[in-house]
Amino acid sequence: MTAIADTTPDAARGPIVRWHYLGYSALALAVMAAAIASHERWFLNFVHVISGVMWTGIDLFMGFVMGPILRRVDLTVRREIIVRLVPKTLFLMPTLSIMTGTTGWFLAKDLGFLDVPWPQFAWVAAALILVVLMTVQGTGYLLPTNLRVCIQLRRPDPDFHKISRMMRSFFLVVALQGTMQVLTIVIMARFVSGL
């Protein structure tokens with residue numbers, strides 16, 4: 001009797017949602033809450049900057065480095081990478097976006113940026129608009145699309161036509177997210193140098 005080889009990736013045998021990562025997210029959010037409650041400007045700034053650098057760095061790396069590579073590698077390689085990557089980013093990316101935006105708001109409030117007159121307030125408004133757009137786009141479109149693609153790829157017989165349909169606009173949205181990240185860096189540089 002001949003055995004049929006299991007072509008399901010090893011990572012597909014484990015759960016997509018790794019609940020212990022939720023503990024890491026909760027810990028990070030607790031650090032954020034402590035930074036906000038402390039009103040210690042250095043601590044709040046540190047949490048804002050480190051979460052923003054991680055969020056921006058991961059987004060830019062995924063969008064402009066991993067994305068083009070994944071589009072060119074063999075489908076089996078792409079499948080192996082995605083089924084391992086999505087569970088690791090499922091809690092990470094929303095946590096970083098929430099931390100960055102929330103600490104940024106409280107930092108802007110503590111530094112008096114919410115009270116600056118127009119036209120300087122336009123920089124503040126632009127930062128707020130960008131962070132809200134990126135957070136909604138990331139948690140409302142990118143994350144669910146990644147999750148649906150991962151679920152499809154974990155199946156023994158993934159529907160590649162369905163995956164292709166889901167991914168058509170995905171890369172455009174990732175490029176838009178990366179562009180907004182770069183614009184946010186420009187705005188943050190303006191904040192640091194003074195409005």
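Read-outs: derived from the displayed coordinates by stated rules, not from any lab. Quantities reported herein were computed from a predicted structural model and do not represent experimental measurements. Every residue, glycine as well, gets a Cβ built from its backbone with ideal geometry; the counts of neighbours run over all protein chains shown.
Over region 14-86, what per residue volume does the convex hull of the Cα atoms give, in whole Å³?
Each residue corresponds to 75 Å³ of Cα convex hull volume.
Which ³J(HN,Hα) values in Hz, rounded to whole numbers, follow from the phi angles of region 26-42 under the Karplus curve 6.51 cos²θ - 1.76 cosθ + 1.60, where θ = phi - 60° and Gly and Pro get x?
With the stated coefficients, region 26-42 comes to 4, 4, 4, 5, 5, 4, 4, 4, 5, 5, 5, 5, 6, 6, 7, 4, 5 Hz.
Starting from the 7 Å offset along Cα-to-Cβ, what nm value, one decimal, do you get for the label separation of Val182 and Ser169?
Between Val182 and Ser169, the simple spin-label model gives 2.3 nm.
Take the Cβ-Cβ distance between Glu40 and Lys88 as r, set R0 to 35 Å, and report the resulting FRET efficiency rounded to the nearest 0.05.
0.70
Can you give the alpha-carbon Rg of region 17-193 over 2.2 N^0.38 Å, where N counts its residues?
The reported ratio for this selection is 1.14.
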